[in-house]
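> Would you mind keeping the following structure in view while I ask a few things?
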Amino acid sequence: GHQRPDSTRGRGWWRSVAAVGMLTALAWLGANELDRFVNRQPAIDPAALPVIAVMPLSNVSGDPSRDFVAAGIAESLIASLASLPSVTVLSRASVTEARTRARDEAALAKDLGATYVVNGSVQESNGTLRISLNLVKPDRTVAWGESVEGAFDRIFELQARLATALTSALVVRVSASERERMNAQPTTSAAALSEYWQGKALLERSDVKGNVDAAISAFESALRLDSRFSLAHAALSQSF
């Protein structure tokens with residue numbers, strides 16, 4: 001006759017397979033969790049981050065009509081620092097408001113709880129742009145200072161060099177992707193950036209007759225130079 005299968009032996013074989021499968025799954029999960037634990041970035045404590053207050057940069061070119069360049073460079077620096085999770089940068093509005101109360105930069109730093117104040121100057125002469133920055137502690141000691149120089153059409157390179165040097169002086173860790181974000185530019189055209197900065201300066205004084213119309217013209221000029229300049233599109237809408 002036919003031999004009867006041993007059901008007990010079959011069940012034991014399936015139990016062995018199931019046990020091996022479970023152990024394999026547990027081992028994989030354990031390795032995966034261990035890898036996540038080892039490679040997990042430590043949580044950043046906001047209270048431990050350096051707090052940066054960027055002051056308006058001085059236009060020392062002797063031409064008040066170029067004030068917008070100094071204002072634009074300071075705003076770009078704020079935007080670059082704000083892209084980094086390893087620092088806290090105060091908005092220009094909060095710094096401007098604190099300046100109405102503070103007698104000097106030391107008092108301003110105390111008022112805002114700033115670890116450092118960034119100040120500096122911009123000078124244009126014979127087509128050359130010179131940007132100088134200082135990193136100042138609340139006790140008025142200068143922790144770092146640097147200047148870069150070049151033609152205005154190299155503005156993106158000049159700003160990237162200063163931002164990189166500043167983060168090195170702050171001794172903060174900046175990953176490759178964070179550095180890429182920090183040095184990202186809203187446009188590829190230096191001329192469009194100049195028109196945009198000029199329009200923003202005019203729009204901030206919208207109480208002055210003719211400034212809004214002049215700002216609209218500046219933003220439209222920026223967009224003719226770079227139609228994908230999203231900040232100029234937004235500013236133009238705000239002007240209207």
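> For region 111-137, give me each residue that is in contact (Cβ under 8 Å) with a residue 12 or more places away in the chain and not in a strand (DSSP E or B).
Of the residues in region 111-137, the ones in contact (Cβ under 8 Å) with a residue 12 or more places away in the chain are 111-125, 127-137.
Across region 111-137, the qualifying residues are D111, L112, G113, A114, T115, G127, K137.
> Let me ask another. Among the residues of region 74-109, count how many are open to solvent by 40 Å² or more (accessible area, probe 1.4 Å), small (G, A, S) and touching a strand residue (DSSP E or B) at 6+ places or on another chain (Cβ under 7 Å).
Here is the first cut: in region 74-109, the residues open to solvent by 40 Å² or more (accessible area, probe 1.4 Å) are 75, 79, 82, 85, 88, 91-93, 96-97, 99-101, 103-105.
Those left that are additionally small (G, A, S): 79, 82, 91, 93.
So of that shortlist, the ones also touching a strand residue (DSSP E or B) at 6+ places or on another chain (Cβ under 7 Å) come out as 82.
Total meeting the criteria: 1.
> Applying the selection to region 158-190, what residues are within 25 Å of G127 (Cα to Cα), exposed (fewer than 15 other Cβ atoms within 10 Å of the Cβ) and more than 14 Å from the chain's Cα centre (by Cα)?
Selection gives T188 alone.
> While we're on this one: In region 202-240, what count of residues is obtained for those that are outside any helix (DSSP H, G or I) and not acidic (D, E)? Before the answer, list the steps.
Here is the first cut: in region 202-240, the residues outside any helix (DSSP H, G or I) are 205-210, 226-229, 240.
Imposing the further condition that a residue be not acidic (D, E) reduces the set to 205-206, 208-210, 227-229, 240.
Total meeting the criteria: 9.
> If you don't mind, there's one more thing I want to ask. Taking into account only those residues within region 181-201 that are assigned to a loop (DSSP other than H, G, I, E, B) and under 21 Å from T128 (Cβ atoms), which is modelled with the highest pLDDT?
It comes out as S189.
> Taking region 200-240 as the search range and keeping residues that are among the polar types (S, T, N, Q) and in contact with a Gly (Cβ under 9 Å, 6 or more places away or on another chain), which one is surrounded by the fewest Cβ atoms within 10 Å (Cβ to Cβ)? Step through it out loud before you land on a result.
Just the residues of region 200-240 that are among the polar types (S, T, N, Q), to begin with: 206, 211, 217, 221, 227, 230, 237-239.
Among the residues that remain, those that are also in contact with a Gly (Cβ under 9 Å, 6 or more places away or on another chain) are: 217, 221, 239.
On the way: S217: 15, S221: 17, S239: 21.
The selected residue is S217.
> Does region 31-45 contain at least one residue that is modelled with pLDDT of 50 or more and within 30 Å of A184 (Cβ to Cβ)?
yes
> Further question: All but one of (1) in contact with a Phe, Trp or Tyr (Cβ under 8 Å, 6 or more places away or on another chain); (2) part of a loop (DSSP other than H, G, I, E, B) hold for V172, so report the exception by its number.
(1)
> Here's a follow-up. Could you please find all residues in region 115-136 being open to solvent by 10 Å² or more (accessible area, probe 1.4 Å) and under 21 Å from the mean Cα position of the chain (by Cα)? Break it down stepwise before answering.
Step one: of region 115-136, the residues open to solvent by 10 Å² or more (accessible area, probe 1.4 Å) are 115-116, 119-121, 123-128, 130, 132, 134, 136.
Within region 115-136, T115, Y116, N119, G120, S121, S132, N134, V136 meet the criteria.
The values are calculated or read from the model by the stated rules, or taken from the named source; none is laboratory data. Quick caveat: nothing in here was measured; it's all calculated off a predicted structure. All Cβ positions, glycine included, derive from the backbone under ideal geometry; neighbour counts span all protein chains shown. In case anyone asks, the SASA skips ligands and DNA or RNA and just uses the protein heavy atoms, side chains included. Shrake-Rupley method; radii C 1.70, N 1.55, O 1.52, S 1.80 Å.
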